[in-house]
Amino acid sequence: MKAKPKTVSAPTEAVLAVAVVLEEAVDRTLDALAASPTKPGRYEADVEANVLLALVIRNSEGVYELARRDLALLPAALSCARVAFEISVRALWMLVPEDPYDREARWLAQVQTEEHYLRKVAERLGGMGTDASAQVERAKTVRDFREAVTRALPHGHSVPKQVPKFDAALESLGRGAEYPFYMALSQPTHGTHVAGGMYRRGLGTQKELAEFVDGPDWGTPFRACIDAVTQTGSRLVTVLGGDPRHFLTDRFRSKAKVALNRLRCA
């Protein structure tokens, strides 16, 4: 029988309490979508936003499961939270317009990201002398589909040249002030010297090496995921004709705020 992995730092009561809140946010969001007057399907943007929300949720589930396992798993949790946050912003950018055909136009910019990916892969494979015909053909199929749908859009609806870069998308949502928070989430993903600070303090001969992870450090990934799940879910439920206040109640918002504050002060 395989030995159970050793726990480096057991989760604190405050961390476990926020994990419960994040799991509840996921459950409430899924219940609200199931109860929406309409289901994703009539408009492609709604379907794609629902797919992106699934990615947000799975990464958020990863965060609360990691928290319950070991506080030392914070680097992985931060990476998952960064992904959830970034995908949430993309989904919200696509869902912003009230006019459904403007949302469809933004969805077409999202479709184009697959073309871009396939072309880049084909270029790399071709440069190594590897057959890339499958990627080239798939890119052509996606392009032909995108162009056909673009031509079918009602007059006056234009497709953006591309999905905006993350900072521009965040700014367009009126949330530019959150970019430094995103930068903090991104450090472990990039393996920066800042990220190494979880295992190192000080410089040169003054540095100390150890695992400097504590319960309050988990506030960053938890906050990112709670916001990503609830904000994306709220907008999608609204677009589908539902009322997000039925699942994002004042009582739940207060519960989340109190739990995060207690963790921060633990």
Problem - Hits in region 178-194 - residues which are among the hydrophobic types (A, V, I, L, M, F, W, C) and over 20 Å from the mean Cα position of the chain (by Cα) - result: 194
Completion exercise
Here the residues within region 121-150 that are touching a residue at least 12 places away in the same chain (Cβ under 8 Å) and open to solvent by 60 Å² or more (accessible area, probe 1.4 Å) are 136, 138, 143, 145
Problem - Among residues of region 205-242, those that are more than 22 Å from residue 77 (Cβ to Cβ) and in a helix (DSSP H, G or I), counted - result: 8
Exercise for the section: Name every residue in region 69-92 that is closer than 14 Å to residue 26 by Cβ and of a type in the set (D, E, K, R), in order of residue number. Expected result: none
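Yes or no: residue 118 more than 30 Å from residue 20 (Cα to Cα), in contact with a Lys or Arg (Cβ under 7 Å, 6 or more places away or on another chain), open to solvent by less than 40 Å² (accessible area, probe 1.4 Å) and at pLDDT 95 or above? Quick ask: steps written out before the conclusion?
Working: more than 30 Å from residue 20 (Cα to Cα): yes; in contact with a Lys or Arg (Cβ under 7 Å, 6 or more places away or on another chain): yes; open to solvent by less than 40 Å² (accessible area, probe 1.4 Å): yes; at pLDDT 95 or above: yes.
So residue 118 fits the description; yes.
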Practice task
Filter region 39-96 down to residues that are in contact (Cβ under 8 Å) with a residue 60 or more places away in the chain, farther than 26 Å from residue 192 by Cα and among the basic types (Lys, Arg), then give me how many there are.
Solution key: 1
Handout entry: Test: residue in region 196-204 that is part of a helix (DSSP H, G or I) and open to solvent by 40 Å² or more (accessible area, probe 1.4 Å)
Key = yes
Practice task
Scan region 95-117 for residues that are within 15 Å of residue 148 (Cα to Cα) and of a type in the set (A, V, I, L, M) and jot them down.
Solution key: 105, 108, 109, 111
Problem - Residue count, region 236-264 (criterion: within 26 Å of residue 46 (Cα to Cα), modelled with pLDDT of 95 or more and among the β-branched types (Val, Ile, Thr)) - result: 3
Completion exercise
Out of (1) open to solvent by 70 Å² or more (accessible area, probe 1.4 Å); (2) assigned to a loop (DSSP other than H, G, I, E, B), the one residue 27 does not meet is (2)
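Are any of the residues in region 35-46 open to solvent by 60 Å² or more (accessible area, probe 1.4 Å) and either within 24 Å of residue 218 (Cβ to Cβ) or assigned to a helix (DSSP H, G or I) (or both)?
Yes, region 35-46 contains a residue that is open to solvent by 60 Å² or more (accessible area, probe 1.4 Å) and either within 24 Å of residue 218 (Cβ to Cβ) or assigned to a helix (DSSP H, G or I) (or both).
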Practice task
Hey, can you tell me all the residues within region 1-19 that are surrounded by 15 or more Cβ atoms within 10 Å (Cβ to Cβ) and of a type outside the set (Ser, Thr, Tyr)?
Solution key: 11, 14, 15, 16, 17, 18, 19
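Which residue out of 42, 58, 69, 28 is among the basic types (Lys, Arg) and in contact with a Phe, Trp or Tyr (Cβ under 7 Å, 6 or more places away or on another chain)? Break it down into steps so the answer makes sense when it comes.
Numbers: 42 fails: in contact with a Phe, Trp or Tyr (Cβ under 7 Å, 6 or more places away or on another chain); 58 fails: in contact with a Phe, Trp or Tyr (Cβ under 7 Å, 6 or more places away or on another chain); 69 fails: in contact with a Phe, Trp or Tyr (Cβ under 7 Å, 6 or more places away or on another chain).
Criteria check complete, one pass: 28.
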Handout entry: Selected residue (criterion: nearest to residue 100 (Cα to Cα)) from residues of region 171-183 that are touching a helix residue (DSSP H, G or I) at 6+ places or on another chain (Cβ under 9 Å) and in a loop (DSSP other than H, G, I, E, B)
Key = 173
Exercise for the section: Within region 151-173, identify whether any single residue is touching a residue at least 40 places away in the same chain (Cβ under 8 Å), out of contact with any Leu (no Cβ under 8 Å at 6 or more places or on another chain) and farther than 23 Å from residue 239 by Cα, and answer yes or no. Expected result: yes
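Limited to region 149-170, what total is found for residues that are within 30 Å of the chain's Cα centre (by Cα) and part of a helix (DSSP H, G or I)?
Total satisfying the criteria: 7.
The values are calculated or read from the model by the stated rules, or taken from the named source; none is laboratory data. Only a predicted model underlies this, so the values are computations on that prediction, with no experimental measurement involved. Using ideal geometry, Cβ is built from the backbone for each residue, glycine included, and neighbour counts are taken over all protein chains shown. Areas reflect the complete protein model, heavy atoms only, side chains present, ligands, DNA and RNA absent. Shrake-Rupley method; radii C 1.70, N 1.55, O 1.52, S 1.80 Å.
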